[in-house]
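The values are calculated or read from the model by the stated rules, or taken from the named source; none is laboratory data. Quick caveat, the model's predicted, so the values are computed rather than measured. Because the Cβ atoms are built from the backbone with ideal geometry, glycine has one as well, and the counts that use them run over all protein chains shown.
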């Protein structure tokens, strides 16, 4: 099954190489030799874009999964906990005050803000004594709104609203060779998540239970939060926000293969890469030769799936 | 019907003589503040011909007051019929629905429709579609089985995101020329309100208020909840359906005039409830309207004339509103 899913994702990746305004096909690749225009487009634009899609999709989905394990709630992911918005605020501030810093330093600052935002979210959650499953994402979305308003205000005062909106919108059309390599950090984080998957699963069973089984709960949670923060910052800085991705993929996977993280991590990674590829190819084809940014396509797909998940749980509870 | 004997009915009884003066006092103070902010708005920093200043600012003031009225009344009524203090029409994604409808008209009928049809007729058509669509959504969410409040709020928010993304999606599918025309009509602001639309909005709001006034005796009963209201002789489904239509009309008007303001209604309604100190609509409704006028007119005056920011008011409202919302949700679940 997993092999089949990987094959489908790979097939989509191959399709992604050949979709676009500039003509790249097997025939044109072989006709022109090594330095033809088609080869150039393939190596400078298409391959980086396809890699970026798979890396961003896979690592965001895994970030969502880790987040859900730590918070012990199915409906959280970096964009429903204020993590993404905090990363955005950090990036905006560092761009304002230290425009000369290299991108990786800006990314690091953004990751620190993301970590801070997530910590704030967890702090607020701890203040809520009676936790309803649905209350957690609700608070998270509102916190995201508040942090977003602060970011918007700063951008407004600095006359940067247009560029803020432009780089927060998830869009892969600007990905070229040399502009996406930070996303490999996302892959490293994903591998790390796979290595500590068993400990995450146990930590997901609650603090007392995990401590009883000999897990350093605090350390595992901190590691998980760092993974989430780094992935969010990396994806935000290179391609922008992709809403709901980290929410729907782990949920659908858990419907299929259950909650053992060691088993679900590869599924989630492949599923995330696959759905991002599918959405991006759709966005490229539906209004050819123009493109529709992936955040718009994901916004529609993601909110429909989210609604389905929400109303589905409700029915099950009622029954 | 055993639930009848439980707490809600026992609520309004205690400490009447002392509280009776408080709502009235609050209303008087709020009224005075509203008048002061209107006076300041009309006169502060005025130079040159008074007749020009007054008519120019008068139009702005009229649209601000209309919006304040529409948002506060629609929010309070919506909270009454849905029996909660957290959900508001705009949190439910209603203004996003309006934008979506407007985009869909351009998408399916072309820009020609937007330019050639008279703006008043167009406005009425949009309001009609909006009322139809939102009534369907409301019926499905509120008149069916009982659902938990958190689920409703979350579903509402996600619907809002869905409407926004769908609208965005359609806008991207338009050709750039059509998109520009659409964007012009969507980005309404206080300074560029179309006088024709302003006039028709006044008429519609007046009509809505008349219908609303005829139902005013049912509001307090409805706020007791579904079974109590039915038990006390309110024709529940019909009344709620009518009120929801009124809410939909008011939301369309405020969105058409100023565009989406997510948290303003929540802020005003929450403040009104806590200032008045009881939940009688006789007091809460006017208090909410006055508060909304103070916030919009006073806030706009303060920002425009004193701090010289111009459009930042909505950002500040969003920020404060989000915090109030988190606080409300937390307090609600702590209880």
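A few comments on the model shown:
- Test result for residue B:111, surrounded by fewer than 20 Cβ atoms within 10 Å (Cβ to Cβ), away from every other protein chain (no Cβ under 14 Å), over 30 Å from residue B:278 (Cβ atoms) and modelled with pLDDT under 75: yes
- Residue in the range B:48-56 that is in contact (Cβ under 8 Å) with a residue 60 or more places away in the chain and not in a helix (DSSP H, G or I) present: no
- When each of B:39, B:133, B:96, B:34 is tested for being more than 14 Å from chain A (Cβ to nearest Cβ) and either touching a residue at least 60 places away in the same chain (Cβ under 8 Å) or under 20 Å from residue B:281 (Cα atoms) (or both), the lone residue that passes is B:34.
- Scope the range A:206-240; condition in contact (Cβ under 8 Å) with a residue 60 or more places away in the chain and more than 23 Å from the chain's Cα centre (by Cα); matching residues: A:206
- Some residue of the range B:251-269 being surrounded by fewer than 18 Cβ atoms within 10 Å (Cβ to Cβ), closer than 25 Å to residue B:320 by Cβ and in contact (Cβ under 8 Å) with a residue 24 or more places away in the chain: yes
- Filtering the range A:280-298 to residues that are within 9 Å of another protein chain (Cβ to nearest Cβ) and within 13 Å of the chain's Cα centre (by Cα) leaves A:295, A:298.
- Single unsatisfied condition, residue B:125 versus (1) at the interface with chain A (Cβ under 10 Å from one of its Cβ atoms); (2) modelled with pLDDT of 75 or more: (1)
- Any chance residue B:149 is within 13 Å of chain A (Cβ to nearest Cβ) and modelled with pLDDT under 75: yes
- Only one entry of B:16, B:44, B:62 meets the criterion of being farther than 17 Å from residue B:279 by Cα and either surrounded by fewer than 12 Cβ atoms within 10 Å (Cβ to Cβ) or at pLDDT 85 or above (or both), and that entry is B:62.
- Within the span defined as the range A:182-192, one or more residues are in contact with a helix residue (DSSP H, G or I) (Cβ under 6 Å, 6 or more places away or on another chain) and not in a helix (DSSP H, G or I).
- When residues of the range A:300-311 are limited to those that are at pLDDT 90 or above and closer than 13 Å to residue B:163 by Cβ, the one farthest from the other protein chains (Cβ to nearest Cβ): A:304
- Of the residues making up the range A:140-189, just one is at positive phi and within 14 Å of another protein chain (Cβ to nearest Cβ), namely A:159.
- Which listed residue is within 14 Å of chain B (Cβ to nearest Cβ) and part of a helix (DSSP H, G or I), from A:277, A:247: A:247
- For residue A:268, the conditions (1) within 14 Å of chain B (Cβ to nearest Cβ); (2) in contact with a helix residue (DSSP H, G or I) (Cβ under 9 Å, 6 or more places away or on another chain) are fulfilled apart from (1).
- Residue within the range A:54-72 that is touching a helix residue (DSSP H, G or I) at 6+ places or on another chain (Cβ under 9 Å), assigned to a loop (DSSP other than H, G, I, E, B) and either more than 23 Å from residue A:147 (Cβ to Cβ) or without any contact (Cβ under 8 Å) to a residue 60 or more places away in the chain (or both) present: no
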